[in-house]
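Working notes, beginning with the structure itself.
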Amino acid sequence: MVKHIVLFNVKEGEDAANVAAIAAQHLEPLVGKIPGLLHAEVRKTFSGADFALYTELESREALAFYAPHPLHEEAKSHFFHLLSGRVAADYEI
């Protein structure tokens, strides 16, 4: 199993809670639609980055399939323009 974690910061003047809600609305429903994506949750954070995405995938291959998947790309189009930065980390368990 692979855990894929992304920390996001929003552009100055954007409401972080609102952007996190938009991201959650579009990313969380991808579970069951993209093969190998087992879990996805987006939460507003109280320290560090503005919000976080936590996902679990079946394997590294599933992560490689998820990243460029058209449904994932479409979901990102709803909030990526509101971001000032992001950092991702992946690890296997």
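Here, each number is a calculation from the coordinates, and none is a lab measurement. Only a predicted model underlies this, so the values are computations on that prediction, with no experimental measurement involved. All Cβ positions, even for glycine, are placed from backbone atoms using ideal geometry, and neighbour counts span all protein chains on display.
Each Lys and Arg adds +1 at its Cβ and each Asp and Glu adds -1 at its Cβ; summed about the Cα centre, segment 1-82 shows a dipole of about 100 debye. With Cβ to Cβ distances under 14 Å as the rule, what net charge do the other residues near residue 50 carry (K, R +1; D, E -1)? Here the count lands on +1. Note on residue 47 and residue 77: their simple-model spin labels are 3.8 nm apart, each label 7 Å out from Cα toward Cβ.
For residue 44, a cut-off of 21 angstrom between C-alpha atoms picks up these lysines, skipping any fewer than 8 places away in its own chain: 3, 11, 76.
Report the normalised scattering of the chain as log10 I(q)/I(0) at q = 0.14, 0.15, 0.24 Å⁻¹, calculated by the Debye formula with identical scatterers on the alpha carbons. Normalising to I(0) and taking log10 leaves -0.46, -0.53, -1.27. What angle, in degrees between 0 and 90 and rounded to the nearest 10, separates the Cα long axis of helix 16-27 from the longest principal axis of the Cα atoms of the chain? On a 0 to 90 degree scale, this one is about 20.
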